[in-house]
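Please treat every number below as a calculation from the coordinates, not as lab data. What you see is a predicted model; the values in this text were computed from it and never measured. Counting neighbours? That spans all protein chains shown, and the Cβs are built from the backbone with ideal geometry, glycine included.
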């Protein structure tokens with residue numbers, strides 16, 4: 001897909017649940033173009049501004065397999081991963097609280113592997129391998145789930161899902177109101 005339909009002047013803005021872009025599997029990037037590099041670079045300050053430590057392209061209405069992740073929250077240490085794949089999980093699993101920029105105000109416990117190895121390309125088209133553990137491993141798994149059209153709310157503990165129901169309903173109502181035909 002390579003960012004088809006993207007206009008460079010379009011501002012970066014979040015897609016909120018239940019936007020369909022969040023539940024579709026993202027398209028692989030076959031060629032890393034200048035337009036892809038530019039848009040990915042514009043996502044970094046946006047992620048920082050929003051207070052995130054990870055951001056997947058579908059969260060900004062861009063249906064490609066690209067994500068940002070920062071181990072320490074510092075923009076200069078943000079990795080941009082193109083077509084990332086988890087090739088190994090280990091270290092056992094643990095529950096941990098997660099939130100998501102596309103789900104404001106919703107948090108819940110999700111079971112994740114404590115260590116992962118991810119293979120991807122950087123923005124220069126070079127293959128890279130990232131080994132992560134603890135919070136950084138959780139961030140990578142969460143963002144790669146976004147690229148697969150999987151949402152953290154489907155993986156939360158049942159009690160957390162129940163606690164989030166009213167807020168999720170509110171997000172659905174907001175989405176419907178934003179997308180209602182004019183005059184309805």
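Data overview
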{"item": "Most mobile of 114, 154, 78 in a GNM of the chain (Cα contacts under 10 Å)", "result": "154"}
{"item": "Relative packing of peptides 30-36, 68-74 - highest average C-beta neighbours within 10 Å first", "result": "68-74, 30-36"}
{"item": "Most fluctuating residue given options 172, 87, 12, as computed from a GNM of the chain linking Cα atoms under 10 Å", "result": "87"}
{"item": "For the range 20-178: relative contact order, % (alpha-carbon pairs under 8 angstrom, 6 or more apart)", "result": "24 percent"}
{"item": "Cα-based shape type of the range 108-184, given that a ≥ b ≥ c are square roots of the gyration tensor eigenvalues and the cut on a/c is 1.5", "result": "oblate"}
{"item": "Normalised convex hull volume, the chain, alpha-carbon set, Å³ per residue", "result": "117 Å³"}
{"item": "Length gained when the stretch residue 178-residue 117 is fully extended (0.36 nm per residue, less Cα-Cα span)", "result": "18.0 nm"}
